[in-house]
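Reading through the structure tokens given below for one structure.
None of the figures in this text is laboratory data; all of them are computed from the coordinates on show. All figures in this text were calculated on a predicted structure; none of them were measured in a lab. Cβ coordinates were reconstructed from backbone atoms using ideal geometry, including for glycine residues, and neighbour counts include every protein chain displayed.
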């Protein structure tokens, strides 16, 4: 799982992804106030008339605490990003078509010699970053420029 600061920033600024987050146990999150990564252990309840939940979370060093999901940034795992791709793909059951589209996206990022497209400010450093960039480009027509989705 990518827990690099860049991925946390990408997720934080991917407002469309954050707005569609359905909170689940085992989701990985980061605090909006520090770069700690947590796993949601338990959903304790929903605040009245709100999409915010009170959750119990565990930091990777074992520290357990509680927080409100309004204070957290969802860090989609690779399987969750793959589900997002399948949900919006015109042929979600045709795995080879999904792979061809993803390969086409990588050709947009890198040329045949592995050199980054000079018009991009971003080169994915993990599969999570690549899949998040693919989801944002295909679903929302946005590209990451190292600071925001445009």
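Structure above, values below:
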| quantity | calculated |
| --- | --- |
| Residue order, fewest to most beta carbons within 10 Å, for 101, 60 | 60, 101 |
| Computed E for residue 71/residue 100 - FRET, C-beta separation, R0 35 angstrom, nearest 0.05 | 0.30 |
| Listed residues 72, 81, 120, most fluctuating in the chain (Gaussian network, C-alpha, under 10 Å) | 120 |
| 0 to 90° range, to nearest 10: angle between helix 78-88 axis and the chain longest Cα axis | 70 degrees |
| Listed residues 76, 90, 124, most fluctuating in the chain (Gaussian network, C-alpha, under 10 Å) | 90 |
| Full-extension gain in nm, residue 119 to residue 107, via 0.36 nm per residue minus C-alpha separation | 3.0 nm |
| Of 34, 71, 24, the one that fluctuates the most in a GNM where the chain has Cα springs shorter than 10 Å | 34 |
| Relative contact order (%) - criterion: Cα under 8 Å, at least six apart; region: the chain | 22 percent |
| Label of the coordinate-derived value, Rg and Dmax of the Cα atoms in Å, listed as (1) 17.2, 47; (2) 15.1, 51; (3) 16.5, 54 | (3) |
| Approximate shape of segment 87-150 as ellipsoid semi-axes (Cα gyration tensor, √5λ), whole Å, largest first | 20, 15, 9 |
| Rounded to 10°, Cα long-axis angle of helix 127-140 versus longest principal axis of the chain | 80 degrees |
| Cα shape, segment 5-74, gyration tensor, a/c 1.5 rule | oblate |
| Using alpha-carbon coordinates, inclination of helix 95-109 to the longest axis of the chain, degrees | 80 degrees |
| FRET efficiency for residue 12 and residue 51, using Cβ-Cβ distance with R0 set to 22 Å, rounded to 0.05 | 0.85 |
| Residues 3, 109, 57, sorted so that the one with the fewest Cβ neighbours within 10 Å comes first | 3, 109, 57 |
| For a label point 7 Å along the Cα-to-beta-carbon line of residue 43, residues of segment 53-88 with backbone N under 12 Å | 53-56, 69 |
| Calculated FRET efficiency for the pair residue 78/residue 32, C-beta based, R₀ 22 Å, to 0.05 | 0.45 |
| Residues 23, 64, 55 arranged by fewest to most Cβ contacts within 10 Å | 64, 23, 55 |
